[in-house]
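These notes are about the structure you will find just below.
The values are calculated or read from the model by the stated rules, or taken from the named source; none is laboratory data. Bear in mind the structure is a predicted one, so any value in this text is a computation, not a measurement. Ideal geometry is used to build each Cβ from the backbone, glycine not excepted, and the neighbour counts take in all protein chains shown. With ligands, DNA and RNA removed, areas are computed over all heavy atoms of the protein, side chains included. Shrake-Rupley method; radii C 1.70, N 1.55, O 1.52, S 1.80 Å.
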Amino acid sequence: MVDPAARLSVQPDLTAAQRSNHLGLTAWGYDLWRRRALTLLTGEPFSLAREARLFLTSCRPAAGERWLDAGTSTGFYAGVLAAQRCRVDAADLSAAMLRRAERRCPSRHITWHQVNLEASGWPDAQYDGATVGATLNETRNPRRLLQEVSRQLRPGGQLWLMWVSRHPGVAQTGLQALGGLNFPDVAWVDQALPGLQRRHLVQAGAVAFGQWIKV
């Protein structure tokens with residue numbers, strides 16, 4: 001179940017994309033979209049299994065490590081980490097997403113939290129690793145989100161990001177205007193992560209996957 005003690009206040013200043021995630025229909029549809037999204041966005045076959053292999057090969061999460069899945073949505077990365085017997089705090093703004101995630105990924109290794117990680121107040125240096133899968137595109141303040149997640153990493157901890165990066169075309173301009181979405185490029189992400197060093201980056205079409213280490 002969602003940890004009742006972790007139900008911190010959610011700031012009302014959300015993007016249109018974030019607000020839509022509170023709907024049960026959105027959470028149900030997101031599961032279907034997530035299975036096909038990377039194939040559509042990259043223009044090549046890109047299954048969830050391929051994404052999981054890329055993450056596991058790059059980050060090698062180990063049993064007993066403590067990880068944060070920031071913006072877990074329906075729990076894809078939380079489930080991958082739990083299968084490695086990591087202890088996972090899976091956080092999201094949306095109770096609807098968390099309900100869907102818990103049904104999809106029942107595991108004693110995962111604790112579900114409804115919380116705004118841009119202002120969680122959670123302690124410093126408590127995690128061995130953190131995953132952020134596409135939430136960087138939807139959040140109101142992507143720099144603030146990265147700062148808060150980075151703050152909670154221990155020295156030597158790793159951050160894994162999957163996001164849609166800046167790509168030429170009118171589609172991203174329209175999504176920015178209508179949905180409040182962000183499309184940061186890799187240089188911007190590097191600059192927004194002082195104290196972390198990029199170790200690994202894969203770019204597939206408009207989608208970027210990267211690993212940073214806290215020094």
Task: Check: the chain dipole with +1 on Lys, Arg Cβ and -1 on Asp, Glu Cβ, in debye - done: 400
Open item on the list: Sequence gap at least 6, Cα distance under 8 Å: using those rules, report the relative contact order of the range 21-104 to the nearest whole percent.
Closed with: 33
Open item on the list: Highest mean first, how do 155-164, 196-205 rank when packing is the count of other Cβ atoms within 10 Å averaged over residues?
Closed with: 155-164, 196-205
- [ ] Would you kindly state how much longer the chain becomes between Ala83 and Leu48 on full extension, computed as 0.36 nm times their sequence separation minus their alpha carbon distance, in nm to one decimal?
- [x] 11.2 nm
Task: Accessible area per residue, Å², the range 72-158 with all protein chains present, probe 1.4 Å - done: 36
Task: Helix-only [θ]222 nm of the chain, DSSP H runs n ≥ 4, -39500 (n - 2.57) each, per residue, nearest 500 - done: -11500 deg cm²/dmol
- [ ] With springs only between Cα atoms under 10 Å apart, run a GNM on the chain and tell me which of Gly129, Gly29, Gly64 wobbles the most.
- [x] Gly29
Task: Order by protection proxy (mean Cβ within 10 Å, highest first), peptides 94-101, 137-144 - done: 94-101, 137-144
Task: DSSP bridge orientation in the chain - percent antiparallel, rounded to nearest 5 - done: 40
TODO: Under 1.5 on a/c is rounded, so check that first for the chain, then, if it is not, pick prolate when a/b is larger than b/c and oblate when it is not; a ≥ b ≥ c are the square roots of the alpha carbon gyration tensor eigenvalues.
DONE: rounded
Task: Apportionment of accessible area to carbon and sulfur, the chain, percent (1.4 Å) - done: 56
